[in-house]
Structure formats: C-alpha cells, structure tokens
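K.L.:
This is the structure I want to talk about, given as structure tokens.
The values are calculated or read from the model by the stated rules, or taken from the named source; none is laboratory data. Quick caveat, the model's predicted, so the values are computed rather than measured. All Cβ positions, glycine included, derive from the backbone under ideal geometry; neighbour counts span all protein chains shown.
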Amino acid sequence: MNTKPIEEARNADLRGSWPALQRAAQRARQIAAQTGTAIVVVHNGVMEHIYPSAPGAIDREQAATSADGKPV
C-alpha cells in the first residue's frame, strides 16, 4: 500500500481530489442547512446524524477536521 500523502501523487486529478472533496462537503452542509436534512458522518467507527439547524452543528462538524483539512 502506498503511504505517501495524496498531495504527492503523480496524477494531477488525484492530487486535486482532496480539495474537491472538501468543497463538495461544504456545499452539502449548506444544502442540508437550507433543507433541514441531516448530514451522516462517521467518527471513530460510529455513525452520527448531524442536523445543521441545531446551534453550532456545522461548526462542530467543521472542527472535526485538522488544520491541514484532513479528518481527525
């Protein structure tokens, strides 16, 4: 298995996939907040439904990523 960071991939599409996933997740959070739909996430193997209408719900989800943008 390759243990190099994705940012060092030879393929440009692969290198750009992480920022694209982050943009898609942000847009999903916006749509969920507008429609009152739950976002399903998995933290430490536990599935959780987060409703963005709850105060601070989106902030909690965004805080679950480290400074480099990777999930913790």
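K.L.:
Which one is surrounded by the most Cβ atoms within 10 Å (Cβ to Cβ) among residues in segment 18-34 that are closer than 13 Å to Ile50 by Cα and not hydrophobic (A, V, I, L, M, F, W, C)?
P.N.:
The selected residue is Arg29.
K.L.:
Got a sec? Which of Ala63, Ala57, Ala67, Ala12 is modelled with pLDDT under 85 and exposed (fewer than 10 other Cβ atoms within 10 Å of the Cβ)? Break it down stepwise before answering.
P.N.:
Numbers: Ala63 fails: exposed (fewer than 10 other Cβ atoms within 10 Å of the Cβ); Ala57 fails: exposed (fewer than 10 other Cβ atoms within 10 Å of the Cβ); Ala12 fails: modelled with pLDDT under 85.
Exactly one of Ala63, Ala57, Ala67, Ala12 is modelled with pLDDT under 85 and exposed (fewer than 10 other Cβ atoms within 10 Å of the Cβ), namely Ala67.
K.L.:
Follow-up. With the requirement that a residue be assigned to a loop (DSSP other than H, G, I, E, B) and either exposed (fewer than 10 other Cβ atoms within 10 Å of the Cβ) or at pLDDT below 60 (or both), what does segment 35-54 give you? Please lay out each step first, then the result.
P.N.:
We begin by selecting, within segment 35-54, every residue assigned to a loop (DSSP other than H, G, I, E, B); these are 36-38, 44-45, 51-54.
If the condition is that a residue be assigned to a loop (DSSP other than H, G, I, E, B) and either exposed (fewer than 10 other Cβ atoms within 10 Å of the Cβ) or at pLDDT below 60 (or both), then Gly36, Asn44, Gly45, Ala54 are the ones that fit.
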